[in-house]
Amino acid sequence: MRRRARWVPVDRWIDGRLRTADKMAAWTKGKTGPIGIDLGAYRVRVVQASHDDGDLTVVAAGEAPAVQGSERYEDRFRANASALRSLIRDRGFRGRDVVVSVPLEAVRIKNVRLPSMPERELAEAVRYEALERFQTLGVDPEIRHFVTGHVAGGENDQLEVVVLGVPRDVIDGLLGGIGDAGFVCAGLDVAPLATFRPFERFLNRAEDRERTSAFLDIGHDGSRVVIARGGEIAFVKVLDVGVAQLAAMTARALSVGDDEALTMVCATLSHGESRGADGGAPEAVAVLSAIEGGIEQLAKDIGLCLRYLSVTFPGMRPDALTCVGGGAKLPLLIERIEGQLGLRTRPGQPFRNIAVGDVLSGSDRRGDQSQWTVALGLAMKTICVRCSTAAGPREEVSA
């Protein structure tokens, strides 16, 4: 008999409006939160944190190879249930409450402009707009939105609104998969918002409220751009180019299999320009030639995001791009993006000012942590944390 997932009300799968620290639901002192589960294409990562008087501690973390299989996310979740249960049992996780990301391929994200109006009327207007624009979502989809700011429009100012839509059957299927795996769903989220959350805690100080921060999450099947003003997201965009797309270009150009192409791309991009793409080895040169157009397209798409933002909200332009995700571990890819954008890049450190103890492996504790960003962001979904003065200087907020 299929187990029914126990879950919070559907309207909490994502905040109706992105919250500042004052609006976030506070934990009781020292309480351990739910388990954030980031089910990626090749790795599954899980993180759990606790909160005590503004201080965060990672109480458990673990990762394992993801089981390959069905394209349906809920089926993949079931296929990985055994590995998840083993991780949670063996790595000291507490409880069965989890926060999971809705599969990004099922999420529709759109910026719309609407006249200023009361919140209830705005919600109705947003749903009408979403149903018109997202006709592929089927019957009774879940629609959520948040306002990113006011856009000057003569006598009638308009609201810039980010609208997110997910098919109802995707939500129901994911809840079923979570329940079948033996977990309790404490919340659902979307990856771009989870990406921003570990850095948000540094951006709610008065001196940062007008500061523009930009984040690039380079994933396997695509990339995500998140731009914020202070601690509030101002722009979200899902881009088509990720590491898998670069590998597909290589496979076609060099007539090799998908797995071999992926290995070749990662090997080529794992060295910076100073190494000359592995000394100019013929294979590396061939790979770079095959993926050059994909990297250019990714940089162009990021540039269009920045341009849209500067036109919509004049004066908003970040001074750097914080890179996270698996692709952030590929120095040559980041250097090429930086060169084409003319914008400084820096690696994201999601665990900055968080006590991690020995719960991370030695390499992750000492080196790159960017691939843990989404899992940590999911684990932090219900945390209320103010950034203390110990957070560090402004210029290092995202680093």
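Residue check: SER116 meets all listed conditions (1) within 27 Å of ALA234 (Cα to Cα); (2) surrounded by 15 or more Cβ atoms within 10 Å (Cβ to Cβ) but one, namely (2). Being at pLDDT 90 or above, crowded, with 20+ Cβ neighbours inside 10 Å and either under 29 Å from GLY187 (Cα atoms) or in contact with a helix residue (DSSP H, G or I) (Cβ under 6 Å, 6 or more places away or on another chain) (or both) holds for only one residue in VAL385, VAL324, and it is VAL324. Take ARG352 and decide whether it is among the basic types (Lys, Arg) and at pLDDT below 90. So ARG352 fits the description; yes. Name the single residue, out of those in region 355-368 being at pLDDT below 85 and surrounded by 14 or more Cβ atoms within 10 Å (Cβ to Cβ), that is farthest from ARG224 (Cα to Cα). Ranking the candidates gives VAL359 first.
Say whether the condition of being modelled with pLDDT of 90 or more and more than 19 Å from the chain's Cα centre (by Cα) is met by at least one residue in region 98-111. No, the conditions are met nowhere in region 98-111.
Is it the case that some residue within region 121-144 is of a type in the set (Asp, Glu), in contact with a helix residue (DSSP H, G or I) (Cβ under 7 Å, 6 or more places away or on another chain) and within 12 Å of VAL163 (Cα to Cα)? Yes, region 121-144 contains at least one residue that is of a type in the set (Asp, Glu), in contact with a helix residue (DSSP H, G or I) (Cβ under 7 Å, 6 or more places away or on another chain) and within 12 Å of VAL163 (Cα to Cα).
Applying the condition of being modelled with pLDDT of 90 or more and basic (Lys, Arg) to region 260-309 and asking which residue is surrounded by the most Cβ atoms within 10 Å (Cβ to Cβ) yields LYS300. Do we find a residue being within 21 Å of VAL225 (Cα to Cα) and touching a His at 6+ places or on another chain (Cβ under 7 Å) anywhere in region 175-191? No, that holds for no residue.
Determine which member of the set ILE37, ILE88 is closer than 22 Å to GLY182 by Cα, in contact with a helix residue (DSSP H, G or I) (Cβ under 7 Å, 6 or more places away or on another chain) and modelled with pLDDT of 85 or more. Walk me through it before giving the result.
Working: ILE88 fails: in contact with a helix residue (DSSP H, G or I) (Cβ under 7 Å, 6 or more places away or on another chain).
Within the list ILE37, ILE88, the selection yields ILE37.
Do we have LEU193 as at pLDDT 90 or above, within 19 Å of the chain's Cα centre (by Cα) and outside any loop (DSSP other than H, G, I, E, B) here? Give the derivation first.
Values: at pLDDT 90 or above: yes; within 19 Å of the chain's Cα centre (by Cα): yes; outside any loop (DSSP other than H, G, I, E, B): yes.
Yes, satisfied.
Among the residues of region 221-259, those identified as over 30 Å from GLY149 (Cα atoms), surrounded by 22 or more Cβ atoms within 10 Å (Cβ to Cβ) and either modelled with pLDDT under 95 or not hydroxyl-bearing (Ser, Thr, Tyr) (or both) are VAL243, LEU246, ALA247.
The values are calculated or read from the model by the stated rules, or taken from the named source; none is laboratory data. As the structure is a prediction and not an experimental result, all values here were calculated from the model. Backbone-built Cβ (ideal geometry, glycine too); neighbour counts: all protein chains shown.
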